[in-house]
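The values are calculated or read from the model by the stated rules, or taken from the named source; none is laboratory data. Remember, predicted model here, so these are calculated numbers, not experimental data. When we count neighbours, we look across all protein chains shown, and the Cβ atoms used for this are built from the backbone with ideal geometry, even at glycine. Side chains are part of the model used for accessible areas, which takes the heavy atoms of the whole protein and leaves out ligands, DNA and RNA. Shrake-Rupley method; radii C 1.70, N 1.55, O 1.52, S 1.80 Å.
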Amino acid sequence: MSSPSDLTGEKQQFFEARKKVFPRKVNGTYRRLKWVIMAVTLTIYYVTPWLRWDRGPYAPDQAVLIDLANRRFYMFSIEIWPNEFYYVVGLLVMAAIGLFLVTSAVGRAWCGYACPQTVWTDLFVHVERLVEGDRNAQIRLDKAPWGAKKIGKRGLKYAIWLYIAAATGGAWIWYFADAPTLFMDFIHGTAPFAAYAAVGILTFTTFTLGGFMREQVCIYMCPWPRIQGAMMDEKSLGVTYKYWRGEPRTHGLKRAHAQPLTDLAEGEKVGDCIDCNACVAVCPTGIDIREGPQIGCITCGLCIDACDEIMAKVGREPKLIGYATAADEALIKQGKEPVSAKKRLLRPRTLIYFLLWCGVGLGMLFVLGNRARIGIDVLQTRNPLWVQLADGSIRNTYTLKIRNMEARPRTVEITVDGIDAVLWNDRGSRDDAAQAVRLEVPADKVAKTQLFVAAPGAGPQRTDVVFTVRALDQDGASASDESFFERPEGSR
Amino acid sequence: MADKKRIDEPTGTQTVGHEWDGIEELDTPMPRWWLIIFYATVVFAIVYTILYPAWPMIDRATAGVLGWTSHGQLEEQLAEDRAERAPVMAALAVTPVEKLLGKPELLETAIQGGRSAFLVNCVQCHGSGAAGSKGYPNLNDDNWLWGGDIAAIEKTLIDGIRQPGHDETRMSQMPAFGRDGLLSSDEIKDLVSYVRFVSGQEPASESAQRGRPLFENNCAVCHGADAKGDRQFGAPNLTDAIWLYGGDRNTITDTIHNSRYGIMPAWGDRLDPVTIKMLAAYVHSLGGGEASPVPEAETAPAPDESEGNVVAE
Ligand code: SF4
Ligand code: SF4
């Protein structure tokens with residue numbers, strides 16, 4: 001056993017404990033921009049499921065609907081079937097390239113303004129401020145012992161958070177079913193279990209991520225900042241502190257105002273930063289931007305607003321902290337003009353991303369505009385491969401799936417090319433055999449049918465055939481699928 | 001080893017005493033949450049083995065106090081399925097088989113159910129795709145020995161073919177013309193030529209010419225004067241392209257010499273009427289099913305005629 005002399009008493013901590021962040025209120029250009037973006041994104045999120053869109057009697061009238069049960073995705077005039085999933089893939093590709101584009105041009109703008117984590121955290125922070133007061137009051141309350149006042153304030157704050165969190169989860173489920181119907185069912189307790197579970201889970205995650213984890217999500221959980229590094233270069237925008245202008249810091253307003261400084265040695269330089277810590281106090285991730293670019297910075301611009309306020313007070317140039325690219329920084333430092341925004345944005349990297357993005361988008365629009373709203377899948381029955389009929393002809397059987405992707409019932413005609421054959425299907429009999437088979441396909445449904453195809457017994461063992469389905473209405477849309485017609489060996 | 005244990009200075013934790021290249025392991029206790037989960041799983045396991053069958057004994061496992069068995073669970077699920085299917089089964093039970101064709105949804109269910117029943121009961125002879133084989137009819141084609149409308153198929157299923165002791169069973173027998181000395185081998189040769197001629201497999205020949213009267217005298221009674229068969233006796237059509245046992249000279253000779261006939265169980269004894277109905281629907285749907293004979297008009301007859309009918313009956 002060890003001797004007591006080994007004990008040193010002091011324990012070493014291997015992990016840094018979370019520093020509580022109490023962001024201070026700030027006003028300014030970027031704060032206003034954040035309010036506008038928050039209002040727009042939240043409005044889109046909450047209002048979209050309630051928009052109506054008339055698609056006729058056979059399809060739902062919700063403008064944006066992810067109908068999992070029937071495997072349909074409705075988005076205004078566009079309806080996507082599972083076999084058209086490539087549109088969703090295309091959208092994801094566009095979203096990815098779009099992020100490349102935005103990131104290479106304006107850095108982590110997504111993080112600072114539009115990311116749901118940022119938007120909801122911002123909302124929660126604002127609620128916190130309304131209930132508990134600004135930064136200093138919050139710090140005081142945090143340190144205060146638990147008592148009626150603290151319990152009351154915290155309770156109220158949590159209650160409002162919970163309400164917002166629940167409303168978030170609630171809004172999410174409206175996208176998956178007819179919103180007004182689901183709303184009534186939800187209230188009456190008759191909605192599907194999945195709806196309650198989804199609201200429960202989303203309430204919980206919104207509450208914890210927005211209320212308690214905040215900057216930790218951005219710094220530790222989110223993979224995006226790690227990936228972003230690959231898309232940024234010295235010409236991407238970021239929030240930077242102009243240290244050559246700010247340093248050495250002069251502590252306190254008074255000394256700053258005392259310029260020209262009489263009490264400083266000759267030739268001693270005085271920086272613009274008065275070390276007031278305003279930039280640190282407003283930062284939602286609790287970092288000090290004066291330490292240089294860092295992963296914690298989501299480029300929300302709040303420190304810019306805060307410092308600009310200070311600079312105005314001390315009568316210095318604004319934008320001691322500002323949006324700038326690394327390349328600009330170097331230029332400004334040397335006293336040269338920064339590159340113009342136009343020139344900076346229109347560089348090969350952004351142009352290539354932009355062209356790629358447009359290419360995918362236009363390609364999708366083209367395909368979307370020209371897609372057939374009818375489809376056919378043919379599967380040859382292999383057991384038995386062929387059947388000899390009494391008159392010596394050979395019959396093959398096929399399973400056909402006919403997709404009517406229009407929101408109206410349609411009569412379609414099925415024909416076969418490549419062989420001299422007569423056809424009938426399981427809704428008729430051999431006596432109905434003809435060159436074409438007619439079929440009713442209900443609106444927005446897939447009709448499955450067995451098709452019997454009989455051809456003369458003599459012929460090649462395997463013949464390529466093409467099945468075509470054509471709608472017997474004005475637009476006459478058609479689609480085809482290939483298959484084979486099999487005959488017994490040696491029947492030629 | 002024990003003497004190497006010591007308290008690590010920076011952390012104040014005891015080491016486990018192992019050391020390799022100056023690297024030592026700290027004897028950090030298990031985290032509390034981990035231990036709690038561990039104990040919880042132990043408790044769960046104990047409770048589980050009490051509630052459910054678990055410990056293997058000599059000839060069976062402990063039963064568990066809940067009395068749960070996988071057999072019981074299966075029974076429950078089957079009962080659930082049966083209950084779910086009950087309405088459609090009831091509808092099938094009261095619908096005559098030929099009326100099924102007018103009810104697409106019921107028919108669809110019947111065909112699906114029939115497919116399952118076929119795969120259990122019929123594939124042994126007719127094959128999984130119902131294509132049959134030599135001596136076992138192909139149910140996909142349009143050639144029917146005993147009739148191919150849905151009602152005829154149902155009757156075949158219920159009463160079977162050549163089932164001894166069954167009054168209703170499909171019955172017929174072809175004489176063994178050679179073996180029983182009814183025809184000489186030369187005559188059989190001529191008959192074969194004739195049969196192959198009428199089915200278009202051979203050109204006209206003198207032998208076929210000689211076979212014609214032989215056919216009329218011996219075979220036409222069942223197969224018809226035109227050799228097109230007769231479904232009443234299950235006599236095959238000899239002019240079409242489909243041969244149950246084969247249409248080459250040797251096989252036909254063998255058939256005439258020894259006679260042939262197939263048998264099929266009377267499924268009415270073994271399967272319930274609904275299953276048989278579903279089987280009939282499935283077989284009918286394979287592509288060779290024939291339209292039912294036009295049923296008699298169901299419109300109510302005029303009063304005076306109806307009286308006349310009653311008298312007539
Ligand atoms: S450093 Fe400035 S821009 Fe970056 S997160 Fe903090 S406040 Fe926002
Ligand atoms: S807000 Fe501006 S002046 Fe104040 S500490 Fe930050 S950089 Fe310096």
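Observations
- Looking only at the stretch B:30-53, and only at residues there that are part of a loop (DSSP other than H, G, I, E, B) and open to solvent by less than 100 Å² (accessible area, probe 1.4 Å), the one that is nearest to B:Val16 (Cα to Cα): B:Pro31
Here is a yes/no grid of residues against (1) open to solvent by less than 50 Å² (accessible area, probe 1.4 Å); (2) outside the structural domain of A:Cys297 (by TED's automatic domain parsing); (3) within 25 Å of A:Glu291 (Cα to Cα):
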position: A:Lys319; (1), (2), (3): no, no, yes
position: A:Thr325; (1), (2), (3): yes, no, yes
position: A:Ala330; (1), (2), (3): yes, no, yes
position: A:Lys333; (1), (2), (3): no, no, yes
position: A:Arg347; (1), (2), (3): yes, yes, no
position: A:Leu351; (1), (2), (3): no, yes, no
position: A:Phe354; (1), (2), (3): no, yes, no
position: A:Trp357; (1), (2), (3): no, yes, no
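- Pairs where the first residue, in the stretch A:383-395, is more than 7 Å from chain B (Cβ to nearest Cβ) and open to solvent by 70 Å² or more (accessible area, probe 1.4 Å) and the second is among the basic types (Lys, Arg) and assigned to a loop (DSSP other than H, G, I, E, B), C-beta under 9 Å, 6+ apart: A:Trp386/A:Arg487
- Restricting attention to the stretch A:27-61, the residues being modelled with pLDDT of 90 or more and either of a type in the set (A, V, I, L, M, F, W, C) or assigned to a helix (DSSP H, G or I) (or both) number 24.
- In the stretch A:36-56, the residues that are without any contact (Cβ under 8 Å) to a residue 60 or more places away in the chain reach residues that are of a type in the set (A, V, I, L, M) with C-beta atoms within less than 6 angstrom, at least six apart or across chains, in these pairs: A:Leu51/A:Ala63; A:Trp53/A:Ala63.
- Selection of the stretch B:133-154 for residues being open to solvent by less than 40 Å² (accessible area, probe 1.4 Å), more than 9 Å from every other protein chain (Cβ to nearest Cβ) and part of a loop (DSSP other than H, G, I, E, B) yields B:Gly135, B:Leu139, B:Trp144, B:Trp146, B:Gly147, B:Gly148.
- For the stretch A:95-113, a residue qualifies if it is of a type in the set (A, V, I, L, M) and open to solvent by 30 Å² or more (accessible area, probe 1.4 Å), and the qualifying residues are A:Ala95, A:Ala96, A:Leu99, A:Leu101, A:Val102, A:Val106.
- Residue within the stretch A:475-485 that is surrounded by 14 or more Cβ atoms within 10 Å (Cβ to Cβ) and assigned to a loop (DSSP other than H, G, I, E, B) present: yes
- Those strands (runs of 3 or more DSSP E) lying entirely in the stretch A:396-462 with at least 2 residues modelled with pLDDT of 90 or more and within 12 Å of chain B (Cβ to nearest Cβ): A:422-425, A:445-455
- Among the numbered conditions (1) open to solvent by 10 Å² or more (accessible area, probe 1.4 Å); (2) within 26 Å of B:Gly129 (Cβ to Cβ), the only one that A:Glu440 does not meet is (2).
- Taking the stretch A:263-368 as the region of interest, the helices (runs of 4 or more DSSP H) fully inside it that hold 2 or more residues being over 26 Å from A:Pro225 (Cβ atoms), away from ligand 1 (no atom under 13 Å from the Cβ) and out of contact with any helix residue (DSSP H, G or I) (no Cβ under 7 Å at 6 or more places or on another chain) are A:302-314, A:341-345.
- Flag for A:Leu162 being among the hydrophobic types (A, V, I, L, M, F, W, C) and open to solvent by 40 Å² or more (accessible area, probe 1.4 Å): yes
- Residue in the stretch A:236-243 that is open to solvent by 60 Å² or more (accessible area, probe 1.4 Å), over 27 Å from the mean Cα position of the chain (by Cα) and within 30 Å of A:Lys342 (Cβ to Cβ) present: yes
- The helices (runs of 4 or more DSSP H) found entirely in the stretch A:146-225 that carry 3 or more residues being over 30 Å from A:Tyr74 (Cα atoms) are A:148-173.
- Condition check for A:Val416: in the same structural domain as A:Thr381 (by TED's automatic domain parsing), open to solvent by 50 Å² or more (accessible area, probe 1.4 Å) and in contact (Cβ under 8 Å) with a residue 40 or more places away in the chain: no
- B:Leu100 being buried (at least 22 other Cβ atoms within 10 Å of the Cβ), more than 18 Å from the chain's Cα centre (by Cα) and over 16 Å from B:Trp267 (Cα atoms): yes
- Helices (runs of 4 or more DSSP H) wholly inside the stretch B:198-296 containing at least 3 residues that are open to solvent by less than 30 Å² (accessible area, probe 1.4 Å): B:206-218, B:249-258, B:273-284
- Here A:Phe207 does not fit the description of being open to solvent by 60 Å² or more (accessible area, probe 1.4 Å) and aromatic (Phe, Trp, Tyr).
- Under the condition of being more than 9 Å from ligand 2 (Cβ to nearest atom), in contact (Cβ under 8 Å) with a residue 60 or more places away in the chain and open to solvent by 30 Å² or more (accessible area, probe 1.4 Å), the residues counted in the stretch A:287-316 number 2.
- Of all residues in the stretch B:54-76 being among the β-branched types (Val, Ile, Thr) and over 20 Å from B:Phe44 (Cβ atoms), the one that is surrounded by the fewest Cβ atoms within 10 Å (Cβ to Cβ): B:Ile58
Condition check ((1) in the same structural domain as B:Ala117 (by TED's automatic domain parsing); (2) under 28 Å from A:Tyr398 (Cα atoms)) across all residues:
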residue: B:Arg196; (1), (2): no, no
residue: B:Ser199; (1), (2): no, no
residue: B:Phe215; (1), (2): no, no
residue: B:Gly224; (1), (2): no, no
residue: B:Ala235; (1), (2): no, no
residue: B:Asp240; (1), (2): no, yes
residue: B:Gly246; (1), (2): no, yes
residue: B:Asp269; (1), (2): yes, no
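- Note on the stretch B:97-131: residues that are free of Cβ contacts under 8 Å to residues at least 12 places away in the same chain and assigned to a loop (DSSP other than H, G, I, E, B) total 5.
- Close pairs from the stretch B:5-18: first on the phi > 0 side of the Ramachandran plot and within 7 Å of chain A (Cβ to nearest Cβ), partner in a loop (DSSP other than H, G, I, E, B) and among the charged types (D, E, K, R), Cβ under 9 Å, at least 6 apart: B:Gly12/A:Glu10; B:Gly12/A:Lys11
- Of all residues in the stretch A:118-140, those being open to solvent by less than 30 Å² (accessible area, probe 1.4 Å) and within 15 Å of ligand 1 (Cβ to nearest atom) number 5.
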